[in-house]
Amino acid sequence: MSAHTAYAPAPPDSAVLPRGLTRPGAASRRLLRLHVASRRLPIALALLAGCAAILRIALDSHWITQTGAGAVQIPLALETAAAAIIATTLHSPIGEGERASGKWLPYLRLASTISLTSVAAGVLAVAAAGVHLPGGNEAIVRNLAGLTGIGLLAANAFGGQLAWTGPTAYGVIAQYALTAAWTTPWIWPARPADDLGAALYAALTFSAGILVATTRGARETARS
Amino acid sequence: MATAEAPVRLSLRAGRRSQAARSALLQIELRRNAMVWIAPVTIVLFYFTTFRPVMALPALWGLRTLAMQTDALIAFGPFVAGAAAWMGSREGRRDTAEMVAGTARARWSAQLVTWGATTLWALASFAVCVAAVYIATAIQASWGAAEWWPAAVDAAWIVALSAVGFAAGAMFPSRFAAPLAALITAVALEIAFRAELPLVPLDPLHPALRFSPYSLALPTIGLPLIPFDAGIYYPFLPDLSIVQTMLGAGLAAVAIGGLGLREIARRGARRLVATALALTLAGIAASLAAVILAGGAIPDEHGMIEIPALHYSADDHPYSYTPACNAAAIPVCVHPAFRGELPGLARMLRPVARDLAGLPGVPVRVDLDASANNQLAVATGTHCQHTRNGVECHSSALVAGYGAGTVSGTPPTLHFAFDLESIAGGTLDDAAVQNFAQATIGGRGDTARAAIAGALIHDAGIPLGMDDFALIAPALAVARRFSELPAASQRAWIRFHWSALRAGEITLAQLP
Amino acid sequence: MSIETAVAHGYPEPRPLPSATNIDAGGLTRRFGRTEAVAGVDLCAGPGVLGLLGPNGAGKTSLLRMLATVIPPSSGRLQLLERDPRIHAERREIRRRLGYLPQNLGYYPGFTVIEFVEYFALLKEMAPARVPAAVAAAVERVDLGGKARARLRTLSGGMLRRVGIAQAIVNDPQLLLLDEPTAGLDPEQRIAFRALLRELGESATVLVSTHLVEDVGAACGRVALMESGRIVFHGTPAELVARGDQGAGDAPLERGYSAVLAGARA
């Protein structure tokens, strides 16, 4: 063996190479799957399922009253948790290298945040199936969307790992607003489920959060 | 001698050096802690969710501090837990675990400093908020001393939430550690708040409330469960507060001690492992003891919760007090804690007292005492009230939802028991003047007397028809007409016809 | 190339080992599951600079981590600074005299340079009275005096590496373990760093794991070459150069490196 061949790198094990990327759409699916894994979305989904389970337990244990502030407080706390989990997934462990990679990142962010929000709303609605939840699915969707928007905005402001502070602060204020009977549409959980103004404000907040998350993502430090 | 002293001196020097090093580490951690910028957020939230609603309650120490206990924890708890989890996960997030592991100071020791700094900031911001509540209450309260137990409970639980959050972050340094710590805390507090409330509130058919020991040992007390007169007539019972503090301290010890048990895997010093083990076991013991003690809780006759194993019988004796009275034609006397209500009461009673003072059978004084209705009273149809001699119960008809007023003694004094909720709801003055009119003029079943009483109450500011005399149309018109008479004419007419009016000999048509 | 020729080309002349033995390892092994990362390493080192070379996955980092007492050996004998790291009290004494810079440098972005170095000085249980001067000296030694109060998040990668070196040397360690210390440093800084290594090596044992053979040639009095968890060469740079007749590479030390590896793999 010559000194030169001693340093010829061994060929990579063919078993670990990505297969079948020549098929139509395979590359996109693979990219999406890798993006999902990088953001720990499977763990996020498990946590969202946990929130739904707690909601179901709360409903079955009659911790949620039918009227008054108590009808909204526990569901609101769980919606806040779900929104914080969604916003936390915006954090990129890769940093600048990913931002400089090409055009797909905003689409990936959009797809993952919209998908997660839809899944969160879905599992919470399923958890309340067959039981009367004050406000119903409309309240779940509205509250969750607005809180997620706040979380996404907080992710851009403070970083993905601190995105939870936004929904948590809003959630605490909303809990108080429920007991103090505030009527401002900016505190949409305190308004009836069919209130158009509250739905509009929540939708606006969600849209703003999605826009910021898609175009700018979570704030990163120079070396996060 | 010198040889024997030398090891001691060396040991002392080492101890002082270690102390100085810990202090220097703590200074760095205090400067660079996440709680530094989260503390202002918690203070702002506390202002909106705790300070403002607590200040809207009557200036009663027990009531305000117990209400603060729950609300403050809901404002602080999630953020303290989240920030602590963030700090606990620092080594994992920042890849410094290896570097720290290679240093002489035990990892648990270094973590304790980080946790200590986080907790100090949390307690400092909490202290600022509590100080605001206590100072404002001290300025407004007219009786009693500050109740510190609710603040102690909150402080213990802030330490506990900080410890649990920190340990969770240290053990699971994932991106979800901080948000989960914050939101699990928020959800848990919310559920604890809900679980605390009785399932069947004040149902006379179920006079003995069943307390779940788990919910009682938690620091979240629902407002309906807080007795308004806590610490006014009887000493504030600290039994439940002690148990709640024990549980909080126990959980903190378990969390921090449990973190230290990982030194076993790191082949840490035996002394350190023993300390961690002792802390964990002590924490478990304290927590179990708290839950067991809470399981023996019973409601006492004053609405507070008593734990027999911790109960101090001196707390059963009522406070002695000198009633506070105003100077008026018919003075009103209340417990000094309600001194602030006197101006409003005097204002409401002035028109009525002006017309009736000095007439035969009219009380020369009004004694307002707080209602002491409890589960047993509701169940047996009696009515209880606090007096200077303790709680007195008697059967009497309710007057339109307010406590019954009775005239007794020589010279006659009106004793009127009011619901403390009426102070918060601003209805005490209305209740007092209606009770006074009912007790002096009467009016049930006599439309003439009801019309006079309604007119006098209208003069006090309560609209006709909003009183409790159920005036029908003709009597309503007469009452309005009488109310429009000049005060001197009203007074003259009443004084002239007083005996006949009281005897029921005046008809509606005879009224001016 | 002969040893004499190597010395003539500027490589350090072989010197006999000093008497103090700060690293004494015999049959040192470390397993991770079924993988044997370090497979029976014998290593003795006293004061001086020892370079540790080897391809990726050779076991260099695992060896360094054992020497830093971060992970225990799976088997074998290990004495550091004439103390047994298996005994807690002695391990603590070792760590007080140890400086360690891992390959993946972690840091706290909000800390300043001074705070970060001070933090580790205190964790190493330096006497608090000595800390300020030691921190200042360490920061100056890595030429970051002008950035002493800068937050770490504002520093470049090379500067961060120098901060890592500063925290490793703040306690004047008797045993200094550096994993890829020159990653990210510019040539001028690497030259200064080599001078620092030589200075430190006069009284301490410095073990430098690196891929940069020129760093080894310039700063190290001795070189160890690892392959597949074993030390396949331990000698002076000149001796390694002398083995490089059949090796691949552009520099004599590279040729010696490749030749020894080829021989080990054969």
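The values are calculated or read from the model by the stated rules, or taken from the named source; none is laboratory data. In this text, all values refer to a predicted model and were calculated from it rather than measured experimentally. Please note: Cβ atoms are built from the backbone with ideal geometry, for glycine as well, and neighbour counts cover all protein chains shown. When the accessible area is computed, the model is the full protein with side chains, heavy atoms only, and any ligands, DNA or RNA have been set aside. Shrake-Rupley method; radii C 1.70, N 1.55, O 1.52, S 1.80 Å.
For the reader, a short list of remarks on this structure follows.
- Across region B:287-302, computed HN-Hα scalar couplings (Karplus, 6.51 cos²θ - 1.76 cosθ + 1.60, θ = phi - 60°) run 5, 4, 4, 4, 5, 5, 4, 5, x, x, 5, 9, x, 8, 6, 9 Hz from first to last residue, x flagging Gly and Pro.
- Spin-label pair A:LEU200/B:MET55, simplified geometry with 7 Å Cα→Cβ offset, distance in nm: 3.3 nm
- Residues considered: C:PHE120, C:PHE111, C:PHE32. Largest GNM mean-square fluctuation over chain C, using C-alpha springs under 10 Å, is found at C:PHE32.
- Per the accessible-area calculation with a 1.4 Å probe, the total area buried between chain B and chain C rounds to 2900 Å².
- Computed from backbone phi, the HN-Hα couplings of region A:174-180 come to 5, 4, 5, 4, 4, 6, 8 Hz, rounded to whole numbers (Karplus: 6.51 cos²θ - 1.76 cosθ + 1.60, θ = phi - 60°; Gly and Pro given as x).
- Prolate/oblate/rounded label for region A:103-201 (Cα gyration tensor, a/c 1.5): oblate
- With both residues required to sit in the protein assembly as shown, DSSP beta bridges show an antiparallel share near 55%.
- Extension gain, B:ALA285-B:ALA127: 0.36 nm per intervening residue step, less the Cα-Cα distance, totals 54.1 nm.
- Using a Förster distance of 56 Å, the FRET efficiency for C:ILE71-A:THR179 (Cβ separation, nearest 0.05): 0.55
- Sites C:ARG31 and A:ILE43, calculated FRET efficiency, Cβ-Cβ separation with R0 25 Å, nearest 0.05: 0.25
- Between the amide H of A:ARG219 and those of A:ASN156, A:ALA157, A:PHE158, A:GLY159, A:GLY160, distances stay under 5 Å, these residues lying 5 or more places away or on another chain, with hydrogens modeled in the peptide plane.
- Tilt relative to chain C, helix C:187-201 - C-alpha long axis, 0 to 90 degrees, to 10: 90 degrees
- J(HN,Hα) series, region B:340-356, from Karplus relation 6.51 cos²θ - 1.76 cosθ + 1.60, nearest Hz, glycine and proline x: x, 7, 4, x, x, 5, 4, 5, 5, 7, 4, x, 6, 5, 4, 7, 10
- Dividing the radius of gyration of the alpha carbons in region C:105-172 by their Kirkwood radius gives 0.93 for Rg/Rh.
- Both radii were evaluated on the Cα set of chain C; the Rg over Rh quotient, with Rh as the Kirkwood radius, amounts to 0.97.
- The gain in end-to-end length when the A:ALA111 to A:HIS132 segment is fully stretched comes to 4.4 nm, 0.36 nm per residue minus the alpha carbon separation.
- FRET efficiency, B:GLU505 to B:THR427 (Cβ-Cβ, R0 22 Å, nearest 0.05): 0.05
- Euclidean distance of C-alpha centroids, region A:111-151 and region C:105-133, integer Å: 47 Å
- Local net charge near C:LEU207, Cβ-Cβ under 11 Å (Lys/Arg +1, Asp/Glu -1): +1
- Projected onto its three principal axes, the C-alpha set of region A:25-215 covers 51, 31, 25 Å, listed from the longest axis down.
- In nm, spacing of pseudo-spin labels at C:GLU140 and C:ILE87 (7 Å Cα→C-beta vector): 3.9 nm
- Test item: C:104-110 mean partner chain Cβ contacts at 10 Å: 6
- Close amide H contacts of C:ILE231 (hydrogens built in the peptide plane, cut-off under 5 Å, sequence separation of 5 or more or a different chain): C:ASP42.
- What a 1.4 Å probe finds exposed on region C:209-266 is 44% carbon and sulfur by accessible area, rounded to a whole percent.
- Within chain C, helix-based [θ] at 222 nm, where runs of 4 or more DSSP H residues each add -39,500 (n - 2.57), nearest 500: -11000 deg cm²/dmol
- Inter-label distance, B:ALA488 to B:VAL44: 6.3 nm, where each label sits 7 Å from its Cα along the C-beta direction.
- Equivalent ellipsoid semi-axes - Cα gyration tensor, region C:161-219, angstrom: 17, 13, 10
- Each principal axis of the Cα atoms in the protein assembly as shown has its own extent, and those three values, largest first, are 139, 89, 48 angstrom.
- Computed over region B:233-311, the ratio Rg/Rh where both radii use C-alpha atoms and Rh is Kirkwood: 1.21
- Solvent-accessible surface of the protein assembly as shown, averaged per residue with a 1.4 angstrom probe and all protein chains in place: 42 square angstrom.
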